[in-house]
1. Looking at segment 108-129, which of its residues are in contact (Cβ under 8 Å) with a residue 12 or more places away in the chain and either over 19 Å from the mean Cα position of the chain (by Cα) or outside the structural domain of Ile195 (by TED's automatic domain parsing) (or both)?
2. Considering segment 356-382 alone, what residues qualify as being more than 27 Å from Tyr165 (Cβ to Cβ) and not in a loop (DSSP other than H, G, I, E, B)?
3. Need a quick list: helices (runs of 4 or more DSSP H) entirely within segment 157-203 having at least 2 residues that are more than 16 Å from the ligand (Cβ to nearest atom) and open to solvent by 40 Å² or more (accessible area, probe 1.4 Å).
4. What residue, among those in segment 238-250 that are of a type outside the set (A, V, I, L, M) and open to solvent by less than 10 Å² (accessible area, probe 1.4 Å), is nearest to the ligand (Cβ to nearest atom)?
5. At negative phi, part of a helix (DSSP H, G or I) and either loosely packed, with under 13 Cβ neighbours inside 10 Å or not assigned by TED's automatic domain parsing to the domain that holds Asn138 (or both), is that true of Arg331?
6. Starting from residues that are more than 8 Å from the ligand (Cβ to nearest atom) and under 19 Å from Phe57 (Cα atoms), keep the ones in segment 216-237 and report whichever is nearest to the chain's Cα centre (by Cα).
7. Anything in segment 67-83 that is within 17 Å of Lys14 (Cα to Cα) and either in contact with a Leu (Cβ under 9 Å, 6 or more places away or on another chain) or at pLDDT below 95 (or both)? List them, or say none.
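The values are calculated or read from the model by the stated rules, or taken from the named source; none is laboratory data. Quick caveat, the model's predicted, so the values are computed rather than measured. Cβ atoms come from the backbone with ideal geometry, glycine included; neighbour counts cover every protein chain shown. Only protein heavy atoms, including side chains, enter the accessible area calculation; ligands, DNA and RNA are left aside. Shrake-Rupley method; radii C 1.70, N 1.55, O 1.52, S 1.80 Å.
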Amino acid sequence: MGEDKDDFVVTPWKVEGIIDYDRLIEQFGTERITEELKDRMYKVTKEKHVLLERNLFFSHRDLGWILDEFEKGNKFVLYTGRGPSGKTHIGHLVPWIFTKWMQEKFDTTLYFQMTNDEKYFFEPHLSLDDVRKYTYDNTLDLLALGFEPENTYIIQDIEHIDLLYEIAVEVARKVTFSTVKATFGFDNSTNIGSIWHSAIQAVPAFLHSWIYGKKTPCIIPCAIDQDPFWRVTRDIAEKLGYYKPASIQCSFVPGLKEGGKMSSSEPMSAVFTTDTPKMVKKKVMAAFTGGRTTVEEQRKLGANPDICSVFKYYNFIFMPDDKDLADIEKRCRSGDILCGECKQILAPMMMEFLEKHQAAREEVKDRVDEFSAARLRDELRR
Ligand code: TYM
């Protein structure tokens, strides 16, 4: 679980400390994305993606196999999701942006799971009304990225349980309490909904194969915190006659404060997609940087972008041009630019990004039903 002797913790519900991603890969048993794998992807996509190029998507399970199958004409489906426990922050958008790119370039279907049940089980302060409200609200963020209904199915666990239940019971019979206890750290005080959730989160990886009666490869783009679910899912997949789902995993967009990932539980550290320009500015101006204590020192010795949250934002989303990024890094290290000035560059970039995103949210407000997985019921009746 990433706990033991390490000074960082990564579970699907808690991410803390300064993460050593090499150690995490070792603990989780995933693999690094190699240059060779990137090149194989680019052979199909015909263009590079900044999140791969900068190794922000850095880890995988069976990506090579997914590409082998694709080359043989055996197309995969994509599966990703969201636990609707609050507002979406810009960290959540990163795996969705990458998923959108994969969907377009590989011309394939996406199953997107909204685990409103998971959040109800795990977050005692949330009511069913709350998780439903956030499901709708978070769906707007997903759709604002430009997904199209023809090949995108949003599964809301509670509302669409009839589509999931048969596979869920198959999975649940194969997964023992001892496995989920060891994987997720559950104990006797854990509610049984949380234990059952491991079965439900496995289902969309098999849904396409089950509906169409044809074993279909599936790859899951997400941040690496979700990997424990895929370990459980992969363990039982073949026993049920499905392929093991592959995955492609990113690191965490950090919070604006020191250490840790961007997390909704730290409102001043997270930038939410619905934040006003004023709020964004306030958060960015209070962000943790790698600056020195005095201006004189910084001019003389330079600052440290390696630990700076502002620089990490340029790297993840806001400076896709490598030349711009290298330039700001040089200016930072040489003391040519001060942290306050650097924040004044990031804040308007973020505000512009959010302004566009918020306008796109408005545009999709009445289109949510078009994406509903309820349409799959018709496929089952055929
Ligand atoms: P959730 O809602 O915690 O997170 C949604 C997605 O965002 C990723 N993520 C991040 N990525 C980059 N930087 C961050 N700071 C950051 N924080 C979260 C998560 O890895 C995830 O990809 N149980 C899941 C919902 C789910 C799911 C899935 C997610 C169901 N099926 C399949 C991914 C793939 C959850 O609560 O995600």
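1. Of everything in segment 108-129, those that are in contact (Cβ under 8 Å) with a residue 12 or more places away in the chain and either over 19 Å from the mean Cα position of the chain (by Cα) or outside the structural domain of Ile195 (by TED's automatic domain parsing) (or both) turn out to be Tyr120, Phe121, Glu123, Leu126, Leu128.
2. The answer is Lys356, His357, Gln358, Ala359, Ala360, Arg361, Glu362, Glu363, Val364.
3. By residue number, 161-174, 177-184.
4. Within segment 238-250, the match that is nearest to the ligand (Cβ to nearest atom) is Cys250.
5. Yes: the conditions hold for Arg331.
6. The selected residue is Asp227.
7. The one that is within 17 Å of Lys14 (Cα to Cα) and either in contact with a Leu (Cβ under 9 Å, 6 or more places away or on another chain) or at pLDDT below 95 (or both): Arg82.
Conditions tested, residue by residue: (1) outside the structural domain of Tyr21 (by TED's automatic domain parsing); (2) open to solvent by 60 Å² or more (accessible area, probe 1.4 Å).
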site	(1), (2)
Phe206	no, no
Tyr212	no, yes
Thr216	no, no
Ile220	no, no
Ile236	no, no
Lys261	yes, no
Phe288	yes, no
Ser309	yes, no
